[in-house]
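Visitor: One structure is given below, represented as structure tokens, and several questions about it will come after.
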Amino acid sequence: MYAVITGASKGIGKAIAFELAKKHYNLVLVARSENLLKEVKKEIQSKNEVSIETLSLDLSTNEAASKLLAFCESNNLKVSILVNNAGYGLSGKIDKHSIEDNSNMIQLNVLSLTQITQTFLPILERNAPAYILNVASTASYQAIPGLAIYSATKAFVLSFSRALYHELKSRNIYVTALSPGPTATEFSDRAQISEKGLKAAEKVNMSAEEVAKIGVDALFEKKPEVVTGILNKIGAFGVGLLPKFLAEKIAGSIYE
């Protein structure tokens, strides 16, 4: 069986690919950079006897889902796991970035994830039991001034995933939302997180490998949701005990 992993060229996506390879799943690695994908493929196959296909694809287009499915079907790949990891964030007030950049983030984090998930349902059902791992964030749990669009997109991923868990389990397809906190990846560079935000993140930073193992374990345990790390769990669920205005003010002081 094959696992399709988007955003697999680095960070959490790459780490999830390693975790699934350890469990003897063949892989379809998807990202924009063909060179990085080839490097990841070589690295994984040096340690695991699995088949790996790579696909260089811009996932932030409306055609991405159909192109990805066509690739899998044309190569007769039996896919039983879908990992929607591709996504990114931009920090600062909404007008710090162009409408185009903000729209592209919504397209990748929300629309593409939704389109890929729905497009792959028939192939997953054919190869059931099947699994979907959607990478959300601890930012899913509250509005965050300074990460307004990003936190909203991840709130969508969490809500969407939990609803799908109930919709699809009767069809032997199990959905898990993975919500990492700060992770040692390139995310903060692209998001342009402030020095203050980076220092705050250092206290709860986890490695991509730690996050991936927690996510993959939760996936096979058929959990609808998992937050990585004790402090992140306390923060994600504890924020609900605070008045929203106060929680948003505290978060905004870090990221604005």
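The values are calculated or read from the model by the stated rules, or taken from the named source; none is laboratory data. From a predicted model like this one, the values you see are computed outputs, not experimental measurements. Note that we place each Cβ from the backbone using ideal geometry, even for glycine, and neighbour counts take in every protein chain shown. Remember, those area values only see protein heavy atoms, side chains included, never the ligands or the DNA or RNA. Shrake-Rupley method; radii C 1.70, N 1.55, O 1.52, S 1.80 Å.
Visitor: Could you check, for region 159-177, whether at least one of its residues is modelled with pLDDT under 95, open to solvent by 40 Å² or more (accessible area, probe 1.4 Å) and at positive phi?
Guide: Taking region 159-177 as the starting set, the residues that turn out to be modelled with pLDDT under 95 are none.
No; the residues of region 159-177 include none that is modelled with pLDDT under 95, open to solvent by 40 Å² or more (accessible area, probe 1.4 Å) and at positive phi.
Visitor: One residue is enough: does region 178-201 have a residue meeting the conditions at pLDDT 95 or above and more than 23 Å from residue 17 (Cβ to Cβ)? Explain how you work it out, then say what you get.
Guide: Here is the first cut: in region 178-201, the ones at pLDDT 95 or above are 178-180.
Filter once more, so that each one left must be more than 23 Å from residue 17 (Cβ to Cβ): none.
Within region 178-201 (the criterion being at pLDDT 95 or above and more than 23 Å from residue 17 (Cβ to Cβ)), the answer is no, since none of the residues qualifies.
Visitor: Going by the structure shown, is residue 131 more than 30 Å from residue 24 (Cβ to Cβ) and of a type in the set (Phe, Trp, Tyr)? If you could, list the steps in order and put the result at the bottom.
Guide: Numbers: more than 30 Å from residue 24 (Cβ to Cβ): no; of a type in the set (Phe, Trp, Tyr): yes.
So residue 131 fails the test.
Visitor: Continuing with the same structure: Note down all Cβ pairs under 6 Å where the first residue falls in region 208-229 and is buried (at least 17 other Cβ atoms within 10 Å of the Cβ), the second is in a helix (DSSP H, G or I) and among the charged types (D, E, K, R), and they're at least six residues apart or on different chains.
Guide: These pairs meet every condition: 212/19; 213/19; 216/19; 224/162; 227/233.
Visitor: Test of understanding: among 51, 56, 66, 74, which residue is in contact with an Asp or Glu (Cβ under 6 Å, 6 or more places away or on another chain) and either modelled with pLDDT under 95 or surrounded by fewer than 19 Cβ atoms within 10 Å (Cβ to Cβ) (or both)?
Guide: From the options 51, 56, 66, 74, the qualifying one is 56.
Visitor: Given (1) open to solvent by 20 Å² or more (accessible area, probe 1.4 Å); (2) touching a residue at least 24 places away in the same chain (Cβ under 8 Å), identify the lone condition not met by residue 34.
Guide: (2)
Visitor: Among the numbered criteria (1) free of Cβ contacts under 8 Å to residues at least 24 places away in the same chain; (2) open to solvent by less than 40 Å² (accessible area, probe 1.4 Å); (3) not polar (S, T, N, Q), which single criterion is violated by residue 83?
Guide: Here residue 83 clears every test but (1).
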